[in-house]
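In what follows, a single structure is set out as structure tokens and then discussed.
Taken together, the values in this text are just the output of simple stated rules run on the coordinates, not laboratory data. Not measured: the values here are computed from a predicted model. Here the Cβ positions follow ideal geometry from the backbone for every residue, glycine too, while neighbour counts run over all protein chains shown.
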Amino acid sequence: MKLNRMGHTAICVQDIPKAIEFYKLLGMELVWQDQDWAYLKAGEDGLALLGPDYRGAGPHFGFVFKDRSELEAHHQRLKAAGVFVGEIHGHRDGTASFYSRDLDNNTIEFLYEP
């Protein structure tokens, strides 16, 4: 299975509202905001801002799938190949994903984005 596109990067920030305003000033559009994280886009590319209280994954980059069945098939393929993969889980914004790690322990998210 070939990956179609890298969809986002997630970074840690100290102040979600201030970071949102900064990235909007650069030309990004706010898509989702919660108390502990926010998501902005520049075209099809996304930037997740993780606040100090965010308890999910830390800094990471993510690949996007438009079909959940493709995400599930990719999960099974990596698992069968012996690659570490976490369980697929739903998110509060309607997406679903699983996390993995590369050979240098960098976190990778594989995300279904409806």
Exercise. So how do R77, R68, R92 line up by other beta-carbon neighbours within 10 Å, fewest first?
Worked result: R92, R77, R68
Seminar exercise, completed: Between the Cα axis of helix 16-25 and the main Cα principal axis of the chain, the angle (0 to 90°, nearest 10) is 80
For this session: Kindly put M28, M1 in sequence by how many other C-beta atoms sit within 10 Å of each C-beta, fewest to most.
Result: M1, M28
For this session: For the chain, please report how many Lys pairs fall under 25 Å Cα to Cα, leaving out neighbours fewer than 8 apart on the same chain.
Result: 7
Seminar exercise, completed: If amide H atoms are modeled at 1.01 Å from N in the peptide plane, then the residues at a separation of 5 or more from V31, or on another chain, having amide H under 5 Å from its own are Y39, L40, K41
Exercise. Using alpha carbons only, how many degrees (0 to 90, rounded to 10) separate the axis of helix 68-80 from the longest principal axis of the chain?
Worked result: 60
Exercise. Can you run phi through the Karplus equation (6.51, -1.76, 1.60; θ = phi - 60°) for the stretch 107-113 and list ³J(HN,Hα) in whole Hz, with x for Gly and Pro?
Worked result: 7, 10, 10, 10, 10, 8, 10
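Given Cβ point charges of +1 (Lys, Arg) and -1 (Asp, Glu) and nothing else, what value in debye, to the nearest 20, does the dipole of the stretch 6-112 about its Cα centre take?
Working: 10 positive and 16 negative charges, 31 e Å.
Using only the charged Cβ atoms, the result is roughly 140 debye.
Sort Y112, Y23 so that the residue with the fewest other Cβ atoms within 10 Å of its own Cβ comes first and the one with the most comes last.
Numbers: Y112 22, Y23 19.
Result, fewest neighbours first: Y23, Y112.
DSSP loop (so not H, G, I, E, B), at most 16 other Cβ within 10 Å: list which GluC sites (Glu not before Pro) in the stretch 1-89 pass both filters.
Working: sites: E21, E29, E44, E70, E72, E87; in loops: E44, E87.
Of the GluC sites (Glu not before Pro), the ones in loops of the stretch 1-89 whose Cβ has at most 16 other Cβ atoms within 10 Å are E44, E87.
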Exercise. With θ set to phi - 60° and the Karplus curve 6.51 cos²θ - 1.76 cosθ + 1.60, what are the ³J(HN,Hα) couplings of the stretch 86-92 in order, to the nearest whole Hz, using x for Gly and Pro?
Worked result: x, 6, 6, 9, x, 10, 5
For this session: Go through (1) 8.1; (2) 7.2; (3) 17.1 and flag the label whose value is the computed mean projected area of the Cα convex hull in nm² for this structure.
Result: (2)
